Amino acid sequence: MKLLLHACCGPCSLEPVRLLVQEGHDITIAYMNSNIHPEQEYALRRDTLLAWANEEGIPVVEGVYDPALWGAAISPIVEAPDYDRSERCRACYHLRFEEAARYAKEHGFEGIATTLSVSPYQFTEVIAEELQDRARAYGLEVVFRDFRPLYQEATRRSRSLGMYRQNFCGCRLSQDEAAEEREERKRARKAAKVASPAPKEASTKAGAKASKASKAPAPASGETAMFLKTSDFDYVLPEEKIAQEPARVRDECKLLVMNRESGALEDKIFSDIYDYIQPGDVLVANETRVMPARLFGTKHKTKGSAELLLLREVFAKPATVPTTAPDASPNTTALWEALVRPGKRLKPGARIDFCDAQGKVVLQAEIIDWAREALEGEKNANANPANLTNPTNPANLTDPTNKGERLVRLSTPSCKTLDEALHQVGHTPLPPYIKNYHGDEELYQTVFSTQEKSAAAPTAGLHFTPELIERIKAKGAYFETVELEVGLDTFRIVEEENPAAHRIHTEFYTVPDRVVDAVTEAHERGSRVIAVGTTSVRSLESAWDAQSSTLCACQHEATALYLLPGSPFNVVDALITNFHVPRSTLMMLVSAFSTRENIMNAYQHALETDYRFLSFGDAMFIV
């Protein structure tokens with residue numbers, strides 16, 4: 001049937017179009033929605049729909065946007081005392097279906113349908129009645145389907161496509177009502193917190209949530225950063241317990257499941273995590289890739305050996321200027337913060353050449369000066385992690401005798417872009433405690449990684465396979481991603497005995513709107529937000545606005561969030577993580593999420609039962 005499908009937005013069109021096309025209908029979408037307020041919202045929904053429909057090859061026709069006509073249609077109803085909301089919506093449906101039916105009749109369509117019945121927040125029976133009424137008035141067939149069972153799948157697909165997703169029906173009245181309903185849910189959660197202060201089992205009672213700030217377990221007596229020492233986060237880690245290569249299959253590594261509050265432990269395999277994830281849960285992972293940031297070269301003048309480990313770009317090219325734009329200069333130079341070796345001998349002005357297999361220089365680095373931290377008097381304190389001297393490992397760059405964190409200018413003598421040159425001569429920098437690994441470097445990348453922005457892998461994500469992710473999604477859970485550009489601070493131990501005196505390095509993170517929506521909706525329905533890794537924790541908790549008690553979207557913002565025992569967790573409900581370096585900020589973070597005693601007991605159990613530690617090692621799931 002040649003069918004005109006009235007649609008309110010892109011996300012609600014996904015599943016109805018799929019189903020109606022499968023039934024053999026020839027679909028044209030009608031975007032006719034004078035109810036949507038304000039005009040910017042109308043345009044945003046339209047443009048989202050158009051972008052998707054164009055990709056799918058589905059024609060879209062747009063009606064006349066006339067909010068005044070909509071206001072006139074509903075005013076007799078809303079001006080009455082104690083009016084019935086369903087009748088207001090009936091008038092709105094009638095107006096929009098009238099426009100669609102008239103257009104269908106004038107342009108030779110055989111029938112009309114609508115996507116409005118996807119939403120469980122609409123009046124489905126009223127939609128069916130009004131659609132049938134307008135189709136009959138114009139002598140058209142009506143194709144009505146109750147698409148509400150497809151709502152969750154439509155939500156999942158729209159998120160995976162990165163579509164804009166609104167949080168109200170469309171009109172100004174529904175916007176106000178939705179905001180009031182959200183406030184009412186907040187008040188209800190606050191009241192539940194006061195009425196039921198006892199802790200709940202996160203893994204089995206995720207729906208019984210109080211306010212977010214209340215869910216972190218109370219620290220044991222005196223267990224706050226004020227009373228703890230760095231030595232309290234120390235433990236003996238035998239070298240043979242440090243994994244030197246990844247598991248044969250990513251999700252066949254061990255998994256230690258720990259109850260966040262009681263500390264109770266279960267020994268599992270990572271693929272068993274599927275059994276602990278509930279429909280509606282939202283997993284949030286860090287999607288950054290590790291850059292080919294480890295460079296071996298020679299000094300330009302003396303030809304002596306030199307090494308470079310790139311940390312972060314300082315003055316990135318603006319995203320608004322595409323490198324492929326006509327007449328644009330090639331992307332052949334940039335400023336980076338880096339660790340260099342030998343640090344003392346590479347003075348400002350020194351150059352390092354990096355050659356391809358044929359001995360041709362494809363990349364050069366010029367030492368400009370000490371990096372920002374060094375200019376602030378920190379070059380000795382913050383530039384250098386532990387003294388590790390494996391000559392085949394970038395740990396050499398971090399030897400305290402090298403003192404090498406610098407600002408460098410990278411350039412390509414040839415016409416290659418920096419990205420091409422880096423991929424030709426660069427290597428993936430493995431952590432300093434992984435020695436002589438010569439396996440597939442891709443196993444130090446997550447299967448869902450995208451942009452190369454990190455100096456180290458977000459290792460909790462290494463355990464996921466594409467098949468496991470799909471099984472989790474099929475169960476009704478969601479898998480979302482953020483970005484945090486992981487720096488070398490993740491490998492450093494805390495030297496200060498007072499952990500609060502330690503200064504953590506700044507890293508940059510991004511939390512997209514789609515993640516904010518997913519997290520907000522999860523908490524509103526009583527589901528959990530599960531952070532995949534400590535970098536995801538820092539991203540989400542950094543994006544929490546304490547003043548408004550909301551999670552906010554952030555684009556490449558800086559964070560120096562340092563989570564110590566006593567710190568609140570406002571977003572994250574459960575945590576997937578690896579086993580961490582003694583005396584590290586990550587040991588402090590996981591202790592803050594549970595308790596130091598629980599974490600130290602879990603680590604002792606892991607040591608006694610042959611778990612593998614650190615980046616290539618096994619995993620924990622703190623629930």
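A few points about this structure:
- Cα shape, region 54-175, gyration tensor, a/c 1.5 rule: oblate
- For the pair L19 and Q132, the difference between a 0.36 nm per residue extended length and the Cα-Cα distance amounts to 38.7 nm.
- A straight Cα-to-Cα reach below 12 Å connects K241 with the aspartates and glutamates E608, D610, D618, residues fewer than 8 places away in its own chain not being considered.
- Ranked by how many other beta carbons lie within 10 Å on average, peptides 578-587, 427-436 from highest: 578-587, 427-436
- Cα gyration tensor, region 444-560 - rounded (a/c under 1.5), prolate or oblate: oblate
- Semi-axis lengths, largest first, of the ellipsoid equivalent to region 243-317 are 42, 18, 12 Å, with √(5λ) applied to each eigenvalue of the Cα gyration tensor.
- Full extension of the chain between T124 and Y235 yields a length gain of 33.9 nm, computed as 0.36 nm times the residue separation minus the alpha carbon distance.
- Size descriptor for region 1-99, Kirkwood hydrodynamic radius: 14.6 Å (Cα pairs only, one decimal).
- Residue list for region 419-441, given a label point 7 angstrom along the Cα-to-Cβ vector of R248 and an amide N cut-off under 19 Å: 438-440
- Which listed pairs, of K254/K475; K360/K453; K254/K473, have C-alpha distances above 25 Å, in listed order: K360/K453
- Highest mean packing first, where packing is the average number of other Cβ atoms within 10 Å per residue, the peptides 162-172, 448-458 line up as 448-458, 162-172.
- Cα Rg, Dmax (largest Cα-Cα span) when computed across region 475-534, Å: 16.0, 46
- Between Q152 and D545, the FRET efficiency from the beta-carbon distance, with R0 = 30 Å, is close to 0.60.
- Burial ranking of peptide ranges 126-138, 76-88, 588-600 (average Cβ count within 10 Å, highest at the top): 588-600, 126-138, 76-88
- Per-pair calculated FRET efficiency, R0 = 51 Å: V314 and K268 via Cβ, rounded to 0.05: 0.70
- Whole-angstrom Cα spans of region 508-615 along principal axes, big to small: 43, 30, 25
- Per residue, region 425-559 exposes 37 Å² of solvent-accessible protein surface, assessed with a 1.4 angstrom probe and all protein chains in place.
The values are calculated or read from the model by the stated rules, or taken from the named source; none is laboratory data. Everything numeric here is computed off the predicted structure, so don't read it as measured data. Counting neighbours? That spans all protein chains shown, and the Cβs are built from the backbone with ideal geometry, glycine included. Keep in mind that these areas ignore ligands, DNA and RNA; they rest on the heavy atoms of the full protein, side chains included. Shrake-Rupley method; radii C 1.70, N 1.55, O 1.52, S 1.80 Å.
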